[in-house]
Structure formats: C-alpha cells, structure tokens
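Structure first, then comments.
Please treat every number below as a calculation from the coordinates, not as lab data. Quick caveat, the model's predicted, so the values are computed rather than measured. A quick note on method: Cβ atoms are made from the backbone with ideal geometry, for glycine too, and the neighbour counts reach across all protein chains shown.
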C-alpha cells in the first residue's frame, strides 16, 4: 500500500511533469482544440493521475510514458504544420452545413450533428433565422462560423464613411454590489461621482447593482439584480410558461434600467 507521504510527492511530481509538457506543447483555449488535441489532453491527464497513486517503483515508467506521448504529440503537430494533407487527416476540415438559407442535412449527418445542436450554435452567433445566412460552416474545433446574406448584414460606420472615436476599454466599477475603488481611481473618478451618476438614474443602493462599467468617455453602464422586464420568457419546452419568442416586448423605457450616459 502506498503511503500518504509517497502519494503527496508523486502527485507533486506528476503535476510538475504535466505542467512542463503542457507549456512545451503550447496553449490553446478549449474551444479551439481539435478532437485529436482534446483526446491527447485526456490521455495526458489520465497518465498523470495514475502516476500520483501507483507504487513508487512504477513512477519512472509513467514518466517515460508521458514524455514519449509528449514527443509523439509534438511530432504530429510539426507534421501537421508542414503537410496540409496530413493536417486535414488529423484535424479534419471545415464543413458547410448551411448554404444560401438551406440546411445541408447530408453534411450534418457526416458530422453527427443534429438540428438542436445546430440551432444552439446559431443562437450563440446571434442568428435566430437560418434563412438569413449565405453560409454556415462548422470549423475543425466544432465552432460555427456564419456569413449573412448581404441584405441582412449590419451597416458599419465605415460603410457610411463616418469617422468614429473609440470609447476605450470599459472598466468594471461595481461587481456583485461591491464598488471597485481601485478602478475608479485609475479612471480619475471617486465614489461620490459614482453615487451621483446612480442617483441620476434613481438608484440609491449599491447593493441593487449587479454589474457596472465606465469607459474612457466616463460613460456609466450598469445592470441591476431586479430584471423586471415586460414579456420575460422561458424558452424551455417544459410546460411552465405560456411565453414564447413571439411575446417579447421591448420598450424605450426599459433602456433606462441598463444604460446611463
């Protein structure tokens, strides 16, 4: 039986080895990982976890396994960079699932993608009607990229030849009902200024504010804990609410509860 002190030392060793290998192999966001890279991460974690609790004499074997797996992963990554055909074999390639407002069911079947997953991915891209799309492409990472038809694309100020001035980074000044005084001072502001702006919006308690930011133009934007919006809805399929997307109501008066210039 492995002693507690031995387990502690082996856990530290496995953590250090895994950390070093991860740094060598590079870092990516989980959403950017290919399926091959995702499976590699699981395997690395499994070997490292086993190394933490096995008999002491087997630890070198697991270290050799981790290092060997790391070398193989580096080799595959290097080949994928050098050879496009090999990269497509390992990482796959983008697949068109929507073209000119039509869903390509045959391509979806190849990716084992169902309509519920597709509509969820569309909503995450701010698309609620697939007919508006010229192209919908599932990338190697599994993310959906969309190109709207020209008539549904947003007009930018550049399209209208208008000169714009950046508002700068929005800095957090209230988080979970707590004032972040360091950020206020960094903006050349103080608590009195913040309270005055909130009073102008008829807000008298900091605890009522969930989140607030200030940009470079000293414009305050905030969100309250109380979300009393007309037509609040539940889009689940459970029989708990009669509301649907068709019943959403948006009134100009609601904007006062979320934005203060």
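In nm, to one decimal, how far is the modelled label at residue 86 from the one at residue 102, with both set 7 Å along Cα→Cβ?
Taking the simple label geometry, residue 86 and residue 102 are separated by 3.9 nm.
Please say if the stretch 47-96 is rounded, prolate or oblate, where rounded means a/c under 1.5 for a ≥ b ≥ c the square roots of the C-alpha gyration tensor eigenvalues, and otherwise the choice is prolate for a/b larger than b/c and oblate otherwise?
prolate
For the peptides 216-225, 184-193, what is the packing order when you average, over each peptide's residues, the other Cβ atoms within 10 Å and list the highest mean first?
Those peptides, ordered most packed to least, come out 216-225, 184-193.
Apply the a/c threshold of 1.5 to the C-alpha gyration tensor of the stretch 122-175 and tell me whether it is rounded, prolate or oblate.
oblate
Rounded if a/c is under 1.5, else prolate if a/b beats b/c, else oblate: with a ≥ b ≥ c from the C-alpha gyration tensor eigenvalues square-rooted, which is the stretch 95-152?
prolate
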